[in-house]
Amino acid sequence: MKIAVSGKGGVGKTLISAGLAKGFAERGLKTIAIDADSSPNLAVTLGLSAEEARKITPISENKELVDSKTNTGYSGVYRLTFSVDDIVRDYSMLTPFGVNMIVMGTVHSMGSGCMCAPNAVIRELLRHLIVERDEAIVLDMEAGVEHIGRGTASHVDVLIIVADSNLKALEIAKRIKDLAKIAGMKQIYLIGNRVMNENQKKAIVAFAKKNNLEILGFVPFDQGVIEKDMQGISPLNFKELIAVKTIDNISERLIEKNN
Ligand SMILES: Nc1ncnc2c1ncn2[C@@H]1O[C@H](COP(=O)(O)OP(=O)(O)O)[C@@H](O)[C@H]1O
Ligand SMILES: [Mg+2]
């Protein structure tokens, strides 16, 4: 099962990506979570300390690695075919929740055709992870929409769009959905996050109906999540938090749907 999680910045993509990945791992799936956001923070939500997270060098910034893969000895000319399975082996980290994680670093709109060497490595690595690997993959995507539907990310089995009831988040959700449809993505689901009351829920339901989107679940607003995040501790350590419990349930539903 290959899943990408998208949506406006700040809607809860990282919390949901990490929660789903943890849920898959706990249900016995070998799982790799990919941080493809340009300001990566998946590591802490997957249970690493802030200090450990700071030490991670994103793949795109690992000059030595990028050079070793792409350097031809001629400036401006780089190799186009190289192995990346060893990158998964050597640069993924096992996090405390049993999920392996890879931090990609900045991906200049995935698949945009930019020809710089770090992008070539990341593109190939993403392709390998999404198309060739057996593990469950959860891709925590960059905010925005430009990259949706282009490049290998469109080969995932499931695209999850996260939105809260804010108009802006819903507008972006609609744009993502339109681009994903054009790209031929089949399973596109909405998760309503940070839902505080019935009115907010209704707004998300109305949006989903209008746009013909299946809602995978509603994650309630949870003060506990904010507090743990503020302390630099992953909220996912606290199974009693209602938001955490709900995301865990959604991971089970996704497994059922994709079996
Ligand atoms: N269900 C929720 N209830 C309360 N706060 C939430 C919830 N989901 C996310 N948040 C908070 O919203 C902020 C953004 O979440 P994050 O997962 O980092 O979003 P994104 O990855 O989309 O930018 C974080 O401070 C997080 O604690
Ligand atoms: Mg994020």
Q | Inter-part distance where segment 170-237 and segment 130-157 are each reduced to a Cα centre, Å | A | 18
(Q) In whole Å, what are the extents of segment 1-74 along the principal axes defined by its C-alpha atoms, from largest to smallest? (A) 46, 26, 25
Q | For LEU190, distant residues with modelled amide H under 5 Å away | A | ILE161, GLU214, ILE215, LEU216
Q: List the relative contact order of segment 165-259 as a percent without decimals, with contacts defined as Cα pairs under 8 Å and 6+ residues apart.
A: 23
Q. Which of the lysines could a cross-linker bridge to LYS55, judged by Cα under 20 Å and excluding same-chain residues fewer than eight apart?
A. LYS63
Q. What ranking do 185-194, 128-137, 50-59 get when scored by the average of other Cβ atoms within 10 Å per residue, highest first?
A. 185-194, 128-137, 50-59
Q) Using only helices, what value at 222 nm comes out for the chain when you add -39,500 (n - 2.57) per DSSP H run of length 4 or more and divide by the total residues, to the nearest 500 deg cm²/dmol? A) -11500 deg cm²/dmol
Q: Give the whole-number value, in cubic angstrom per residue, of the convex hull volume spanned by the C-alpha atoms of segment 54-183.
A: 135
**Q.** Relative contact order, percent, segment 2-125 [alpha-carbon distance under 8 Å, six or more residues apart]
**A.** 32
Q.
At 7 Å along Cα-to-Cβ for each site, give me the label-to-label distance between ASN237 and ASP86 in nm.
A. 3.7
Q) What number, in percent, do you get for the relative contact order of the chain if the mean sequence gap of Cα pairs under 8 Å and at least 6 apart is divided by its residue count? A) 28
Q: Compute from the Cα atoms of segment 113-259 the Rg and the Dmax, the latter being the longest Cα-Cα distance, and quote both in angstrom.
A: 16.6, 49
Q) Mind listing the Cα extents of segment 1-130 along all three principal axes, in Å, largest one first? A) 46, 31, 30
(Q) With θ taken as phi - 60° and the coefficients 6.51, -1.76 and 1.60, list the Karplus ³J(HN,Hα) couplings across segment 47-59 in order, rounded to whole Hz; mark glycine and proline as x. (A) x, 7, 6, 4, 5, 4, 5, 4, 6, 6, 9, x, 3
Q.
Going Cα to Cα from LYS177, which lysines come in below 26 Å? Please leave out same-chain ones fewer than 8 positions away.
A. LYS2, LYS8, LYS13, LYS22, LYS168, LYS186, LYS201, LYS202, LYS209, LYS210, LYS257
Q. Over segment 159-206, one equal point on each Cα, no solvent: what is log10 I(q)/I(0) by the Debye formula at q = 0.14, 0.16, 0.18 Å⁻¹?
A. -0.33, -0.43, -0.53
Q. Semi-axes of the equivalent ellipsoid of the chain: what are they in whole Å, largest first, if each equals the square root of 5 times a C-alpha gyration tensor eigenvalue?
A. 30, 21, 16
Q.
Can you give the log10 of the normalised intensity I(q)/I(0) at q = 0.19, 0.24, 0.26 Å⁻¹, computed with Debye over equal Cα scatterers of segment 196-259?
A. -0.85, -1.02, -1.06
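Read-outs: derived from the displayed coordinates by stated rules, not from any lab. For clarity, every value in this text was computed on a predicted model and none was experimentally measured. Note that we place each Cβ from the backbone using ideal geometry, even for glycine, and neighbour counts take in every protein chain shown.
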